[in-house]
Amino acid sequence: MAEAIDTETHKKMAGEMNQADLTSETESETAQQQMVELQPLLSSQPSDPSHNHFQQQQHLYASPFTSVTVEDEVIMDIKEMIQDCGDGLLSPGCCIYRVPIALRHLKEETYTPQVVSIGPFHHGNERLQNMERHKQILFKRFTQRAALSWHDLVPFVTQLMPKVCASYSETINLTQQQLVKLILIDAGFIIALFMSKSFELRNDAKLSQQVLNVSIREDLLLIENQLPFFVIEELFNKAFPQNHDGRSGPSFLELAYDYFGYYNTQELEPNSNVEIKHFTDLVRLFYLPEKLPQRDCYSERHILLYNANALQEAGIQLKVGKSKCLLDLKFSGHVLEIPKIYVEDGTELVFRNLIALEQCLYYPDAPYIDDYATVLDCLIDTHKDVDLLVRKKIVDNLILGDSNNVAALFNGLGKNVVQCSCNSEYLDICKRLYSYCEDPWHKMKATLKHDYCRTPWQIVASIAGIVLLFLTVVQTILSVFQVVK
């Protein structure tokens, strides 16, 4: 009985399999028939390589398990990209930038820290690791003097992080823990460095090296090597509340003015009403005049200065100005007054970073440092112009006495710099100097000086020629009188 049932079941299963095979064959024949019918339609389409390539891409991306098309994936990718990029390129509080590539490639070392890194842009640079341990030592001294415990310091800095991150032009690729640690150590190091007297750092073997001190100071004014001023100042006020009112000790603003006092030639007093973004901004403030001149449209800057030697040959007297403000140029009568400028190894670094700051969207309508550099570029064409300005005591050349290097320095500051307006006072000086030099009488004097009075021998020869000409004329006149008589 069981065998009969098995035999019947086997026959039934075999029948079902045969039926399935027949169905499969029927479907296959139907599909082939459909392809035959579609072939004329496909062959009638224009042969477009890009179209065929796109079809191939669709075939590659298609999946038998999903109905998502290539278009859907592209849309999802774009939506995700737009969501991640945020609402704006730069926040309103952004003030610390990367130097534009067009400027950086001209003199990269003037924008890169040589001794110590501050902030996230150059953090982790292997070349600067020798100073990291010393930063930690100074930070330790800061924590020992501060009126705060670790449980106060870390939360205080953490709450400032959103504002700190908004101060940088680029996304900081650090975790919040790493960034808080970085800001805390760097800010503590700077505070301890500025308070070197009270922190008894005068006997520190490393900081007693004058060359290192100068290098650290120069690194601290680089535009890419900054912390926002507010985070250091607020940490200082929290750690030393007795100094906040200035009665028990100097405020952080006063300490900053003292540390960068080398650049404060105008001897400006600390002013808490003036907002300072960072140390580069502070040094720029030291150079600006008390009252900022108005600005004129760039299109009016078609009048260029003659170089220093050409001005002198035209009758312009070059004189060292008495003003303590480096940018305070004056022209009256035939006298051009230029405040004394000291040119040393760090001069180019300072100017390039201040100009970069003005280029980086923060002072687009007030590039006063670049205006000054442009005027000097016009005055100085070659080493001969530098030598003249040195003789007039306008330039104090401390770069091993090499005038060619000074000329190259000022000729290169304006390269790849974009400027939309100009200091109206400089523009007026340029116009009046141009008019003076283009006057026919002044041009004739300049030609005579250039052709006949450039050297002492030329002067002697010219005088001798004039005397000889005079005697010849006198002799001719006397001869005529004798003939008449």
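The values are calculated or read from the model by the stated rules, or taken from the named source; none is laboratory data. Bear in mind the structure is a predicted one, so any value in this text is a computation, not a measurement. In this analysis, Cβ positions are derived from the backbone assuming ideal geometry, glycine residues included, and neighbour counts consider all displayed protein chains.
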Residues within region 98-141 that are of a type in the set (Phe, Trp, Tyr) and either assigned by TED's automatic domain parsing to the domain that holds LEU349 or assigned to a helix (DSSP H, G or I) (or both), tallied: 1
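This table checks each residue for (1) at pLDDT 95 or above; (2) hydrophobic (A, V, I, L, M, F, W, C).
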position: GLU337; (1), (2): yes, no
position: GLU358; (1), (2): no, no
position: PRO367; (1), (2): no, no
position: ASP371; (1), (2): no, no
position: ILE380; (1), (2): yes, yes
position: ASP387; (1), (2): yes, no
position: SER421; (1), (2): no, no
position: SER424; (1), (2): no, no
position: LEU427; (1), (2): no, yes
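Listed here are the residues, each with its yes/no results for (1) free of Cβ contacts under 8 Å to residues at least 24 places away in the same chain; (2) surrounded by 12 or more Cβ atoms within 10 Å (Cβ to Cβ).
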position: PHE260; (1), (2): no, yes
position: TYR263; (1), (2): no, yes
position: PRO270; (1), (2): yes, yes
position: VAL274; (1), (2): yes, no
position: HIS278; (1), (2): no, yes
position: LEU282; (1), (2): no, yes
position: LYS291; (1), (2): yes, no
position: ARG295; (1), (2): no, yes
Given LYS384, LYS393, which one is of a type in the set (Lys, Arg), farther than 25 Å from ILE96 by Cβ, part of a loop (DSSP other than H, G, I, E, B) and over 19 Å from the mean Cα position of the chain (by Cα)? LYS393
Return only the number of the condition from (1) modelled with pLDDT under 95; (2) in a helix (DSSP H, G or I) that THR171 does not satisfy. (2)
Condition first: exposed (fewer than 12 other Cβ atoms within 10 Å of the Cβ), outside any helix (DSSP H, G or I) and in contact (Cβ under 8 Å) with a residue 60 or more places away in the chain. Can you find one or more residues in region 142-157 that meet it? yes
Is it true that MET76 is at pLDDT 85 or above, part of a helix (DSSP H, G or I) and surrounded by 13 or more Cβ atoms within 10 Å (Cβ to Cβ)? no
